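Asks: One structure coming up, written as C-alpha cells, with questions to follow.
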Amino acid sequence: MNWTILFLLTGIFLGGNLVSYGSPAFAESSYDDLVDSAINDLERFSGNEHLSKPTFGESHLNSQIIVYDGFILNNQTFTITNNFHTPFAEQSIKLGEMNSFESKVYSPKGLKVQEFLFGIPKIGEAHLSELGVEVWYGINGEIEEVRAIQKSNIIDKESIVATHEKTKCKSTDVKEHCDTTSISVMFFEPLKDKVMALKAIDYNNRYHITYLNEGLDISDSSLNPMETRMIPPLIKGEGFIKITQMEKYSPYWMAKDGRMFERNDFGSFKQINISFERFQDSGIPLTRDHSEFGGVLQHEKQRALNVFNSTTLVSELPVSFAYVFPELDERINDKIKRKMTEQEQIAKNILEDSQVQARYSKHSRG
C-alpha cells in the first residue's frame, strides 16, 4: 500500500484538512491511531471491510505479524505465524489439574466473543470441536458471560476462571490495542482429537479462526464415571441388561456378570465373549459322542495308573555336553612336502623294479 495515499485519505476523512507530521493534530493522535483510522476508512469505502476482522498474529492487510505471543498455554508463549493454522509441538494436559489458556487478539471493531475450541478432528473442522469455551464481552470490554459448550462433562463449567485486560500487541507499541483473554479450566475426561483453535468475533459479527496443531494430548483415564446403558435381554425371561462402557470412546461395554458387548456404528450391541456349555446326555456313555465320554476316559486312565505307573522307572539322562576342537594350523610345511614327494617317487621305482624281476624269473623257469 502507498502510505502517502493512505495519509492523504486519512486527512480527507478527518474533515477535509490534511494532517501533517508537525501539526498539533498529529501530536494529539498517535501514529497507530492515524493508521487505524485510515485503514478503517479505506475498508469502508473500498468494500474491503473483511480486512479489519480480528487477528491473533498476522495482519489481514499485508500479512505482517502485528500481534506477538498470540497464544499462551501454561506460561508457554507461542506467536501465531500463520492466520489459518500454526503448528507447534504437541502439549500434554493432565486430567484433574488446573490449566491456563490465554489468547491475545487485535480486533479494530471491538471484541465481542473470544472462543477456545478443543478436540477438533482436523484443521478446518472447528464446527466439530468436542469442547468450546466462550467468553462474551460487553461493548465496554467487560466480561458478561462465560459459556462451556460440551456434549459430556469434559470440564466443570462452574469452575472456569476468566479474566480480561487490554495489552500491547507488540512490546514496541505505544498504546494497548489488543485484548488478552485468560481462562483456567480443569479437564475431567480425555479428548479424542488433538487439534485446537482460537476464534474471535467482533461487533460487526466478523470472525476469525486460527488452528493450532499438533494441539493437545489429553489421553489419560477419565475421572468421570463411565457411561451406562440398558440393553434388551439376550435370553428369554431375562430382564434388561445394564452395561458400562470400559473407557471413553471405546466400543466395548461390560455387564456385571462379565459378559462383554461391542457397539457398532449404528448404536446396537452384540455379545463378543459368548461361552458354550454342552447339554448333558442321558444314558450310559459308551461312545465318544456322549457328553460324559471324557469322564470315562479319565476314570480308565486312573485305573491303569493304579495297576502300573511307569513314571517311577524313567531315568534321568545326564546333562549333554559338546566339545569344539579348535582349528590347528597346517603342520606340514613345503620342505616336508618335497621330502614326501621324493620318498613317494622312490617307492614307485622300487615297485616297478620288483615287478620286472618277477616277470623275468617266471620266464626263466619256463
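Asks: My understanding is that a pair violates if its Cα-Cα distance is over 21 Å; which of 151/192; 53/157; 104/175; 104/170 do that in this structure? Provide the component values of the computation, followed by the final result.
Replies: Details: 151/192 13 Å; 53/157 29 Å; 104/175 15 Å; 104/170 10 Å.
53/157, as the Cα separations exceed 21 Å there.
Asks: Under 26 Å Cα to Cα from residue 337, which lysines show up? Leave out anything in the same chain fewer than 8 places away.
Replies: The reachable lysines, counting only those whose Cα sits under 26 Å from residue 337, are 348.
Asks: I need the calculated FRET efficiency for the pair residue 151 and residue 184, taking r as the beta carbon distance and R₀ as 25 Å, to the nearest 0.05.
Replies: According to the calculation, E is roughly 0.70.
Asks: Same structure again: Please enumerate, by chain and number, the aspartates and glutamates with C-alpha under 17 Å from the C-alpha of residue 335, excluding those fewer than 8 residues away in the same chain.
Replies: 344
Asks: Return the lysines within reach of residue 256: Cα separation strictly under 23 angstrom, same-chain partners fewer than 8 residues apart disregarded; answer none if there are no such residues.
Replies: 236, 242, 248, 270
Asks: Debye calculation, C-alpha points only, no solvent: report log10 I(q)/I(0) for the range 120-226 at q = 0.10 Å⁻¹, in the same order as the q values.
Replies: -0.35
Asks: Give me the tail of P(r) for the range 228-271 as a percent: Cα-Cα pairs with distance above 15 Å.
Replies: Beyond 15 Å sits 35 percent of the P(r) for the range 228-271.
Since every read-out is calculated from the coordinates, none of them should be taken as a lab result. None of these values were measured; they are calculated from a predicted model. Glycine gets a Cβ as well: all are built from the backbone with ideal geometry, and neighbour counts include every protein chain shown.
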